[in-house]
Every structure is written in structure tokens, then in C-alpha cells.
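Below: one structure, written as C-alpha cells.
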Amino acid sequence: MSKEPDRLFAQPLPEVPDFAFNEDVVRVFPDMIKRSVPGYPTIVENLGVLAAQFAQPGSVLYDLGSSLGAVTQALRRHVRTDGCRVIAVDNSAAMVERCREYLNGQDSMFQELLPVDVIEGDILALQFQPASVVALNFTLQFIAPDERLALLARIRQSLLPGGALILSEKLRFNDPQEHALLTDLHIAFKRANGYSELEIAQKRSAIENVMKPDSLDEHRERLLAAGFSTVVPWFQCLNFASLIALP
Ligand SMILES: C[S@@+](CC[C@H](N)C(=O)[O-])C[C@H]1O[C@@H](n2cnc3c(N)ncnc32)[C@H](O)[C@@H]1O
Ligand SMILES: O=C(O)C(=O)C[C@]1(C(=O)O)C=C[C@@H](O)C=C1
């Protein structure tokens with residue numbers, strides 16, 4: 001994995017462009033996401049552990065919005081169920097190209113890993129195959145809010161009995177004091193990871209038009225409306241959380 005540090009927002013920009021998963025972001029993404037998302041390494045590794053409990057023989061495991069394939073690699077480290085394969089999907093060509101390189105690297109180091117297909121495509125246009133595990137790890141927040149319910153309903157339709165959706169997201173909070181507190185603590189997390197006030201402010205304006213977090217209640221209600229029967233939060237660190245949704 002690239003060790004290049006994220007300095008994308010370190011210099012004052014005359015105008016901060018909307019955040020995009022382009023070549024510049026790809027180069028620094030492992031560093032960016034680890035220093036920006038509290039609990040990210042724990043979520044990714046345990047997503048593999050959880051997935052192993054839900055994987056059904058001969059089924060597909062989806063990594064939707066796979067970026068550089070961190071979740072796909074965790075699935076391949078932990079899932080030992082016969083006949084499973086991983087389908088990783090991302091609509092950023094730059095991410096997909098680098099993801100394939102990293103997965104080839106994993107293949108060259110370990111034997112008997114689950115086979116994986118990396119598809120460059122829009123998850124909103126995907127024809128889902130019967131799946132036992134679907135991971136949306138910090139991806140739904142980048143989908144237009146009015147598309148989210150239909151996507152989750154299609155995922156629910158594709159899930160096999162005994163399977164699970166694992167959904168990780170940045171959260172917003174309806175209570176203004178709770179929202180302000182957790183936002184301040186997230187900023188403190190970024191500062192502690194070496195981001196300057198300028199970097200934090202410019203990143204915030206880059207993502208505000210393209211990333212729209214929901215509250216935990218909104219997630220729960222939407223998942224139930226999409227046909228899931230059970231929604232269980234399994235991890236929260238500051239304003240970032242991960243949920244298991246069962247069919
Ligand atoms: C924050 S990143 C996900 C991080 C990754 N899952 C991980 O755990 O390292 C969001 C990803 O979703 C992808 N994405 C956003 N909208 C998408 C869409 N409609 N279809 C496919 N991928 C999408 C972006 O290109 C980006 O790589
Ligand atoms: O909320 C922020 O400040 C973030 O930087 C979060 C976040 C994310 O949750 O995906 C946004 C964009 C990058 O992909 C990395 C992290």
C-alpha cells in the first residue's frame with residue numbers, strides 16, 4: 001500500500017473544489033482515511049471477522065465502493081467458507097486500477113484466497129447476484145440521499161437467508177449539542193493525527209457538497225423500510241459507526 005502522506009489540503013487553495021476520488025486522492029488514500037476516520041482499522045479488520053459468520057457456501061460477498069480494496073482484503077483474510085467469491089465495485093477508474101494492483105500483491109503473498117472480481121461501475125446500476133455478505137464501508141454517504149432507499153432495497157432483495165449487510169457511515173446527530181460535541185471531538189482526532197486547522201477546514205468544504213451523513217435513526221428507519229428485519233450497531237467511535245442489518 002502507498003505510504004504517501006495526505007497533504008492535499010495543506011496549502012491554501014484559492015477555491016476549494018468538490019472532493020472527488022481522483023488520482024491525487026488515490027495516491028494518499030490509505031493515509032487519509034486512517035487519519036480521518038476514527039476506528040477505521042478496527043472496523044475494516046472486524047468486518048472480515050463478522051463476514052465470516054454470515055458467509056454462505058457458494059455465494060458472493062460484495063464490497064461496494066471498494067476504493068483500494070481494504071475491505072476485500074479483510075474478507076479474504078477471514079472468510080474460509082467453501083465456494084465464496086468477492087465482487088468489489090467502485091466507479092472511480094483511478095481507485096479500481098490501484099485496487100487491482102494491491103489485490104495482485106495479496107495474491108502473490110498468500111495462497112488459497114477467495115477469488116475476486118474488481119468491477120469499475122456504478123453500484124446504483126449493478127445487477128446484484130445472490131449474496132451472503134454486502135459491505136458498504138463509508139460509501140452510502142456519497143450516494144445521493146434520494147437514491148439510498150432504492151439501493152438498500154435492491155441489496156436486501158439480493159441477500160440470502162443467513163446473510164448480512166454491514167454498513168459503516170459518518171453520523172450526524174439530531175441533538176445540536178451532541179452534534180457539536182462529536183464534531184469537535186472528531187476535529188481533535190484529526191488534529192492529533194497531524195492535520196492543521198487549514199487542512200481540516202479545506203477538507204470540510206471539499207466534502208460538504210458531496211458527502212451527506214444521516215443520523216443513526218435515519219439509517220435504522222431506512223434499513224427497515226428497505227425490508228431488513230433487524231438493525232444492530234456493532235461499533236461507534238465518535239461520529240463514525242458501523243451497523244449490521246439482517247434480512
Ligand atoms: C470513502 S470511500 C470507501 C472506502 C472503502 N470502502 C474502504 O473501506 O477503504 C467511498 C468510495 O465509494 C466510491 N463510490 C462513490 N459513489 C459510488 C457509486 N455510485 N458507485 C460505485 N462506487 C462509488 C468512491 O469512488 C470511493 O472509492
Ligand atoms: O468526515 C471527514 O472529515 C472525512 O474525512 C471522512 C471521509 C469518509 O468518511 O469517507 C471522507 C472522505 C475520505 O474518503 C476519507 C474520510
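Read the figures in this text as sums done on the coordinates, not as results from a lab. Treat the numbers as computed from the prediction; the structure is a model and nothing was measured. Every residue, glycine as well, gets a Cβ built from its backbone with ideal geometry; the counts of neighbours run over all protein chains shown.
Brief remarks on what is shown
- Fraction of alpha-carbon pairs over 14 Å apart in the stretch 75-132 - percent: 59
- Working note: Cα atoms of the stretch 120-247, range along each principal axis, descending, whole Å: 46, 31, 24.
- Over the chain: helical MRE at 222 nm, DSSP H runs n ≥ 4 each giving -39500 (n - 2.57), nearest 500: -13500 deg cm²/dmol
- One Cα centroid belongs to the stretch 154-220, the other to the stretch 32-111; the line between them spans 20 Å.
- The chain - convex hull of alpha carbons, volume per residue in Å³: 118
- Straight-distance crosslink candidates among lysines, where the alpha carbon sits under 17 Å from Lys203 and sequence neighbours closer than 8 are dropped: Lys34, Lys170, Lys190, Lys212
- In the frame of its principal axes, the stretch 20-115 has Cα extents of 38, 27, 24 Å, reported largest first.
- At most 10 other Cβ within 10 Å, DSSP loop - GluC sites (Glu not before Pro), the stretch 1-48: Glu15
- Kyte-Doolittle mean at least 0.5 and Cα axial length at least 18 Å: DSSP H helices in the chain: 40-54
- With contacts taken as Cα pairs under 8 Å at a separation of at least 6 residues, the chain carries a relative contact order of 22 percent.
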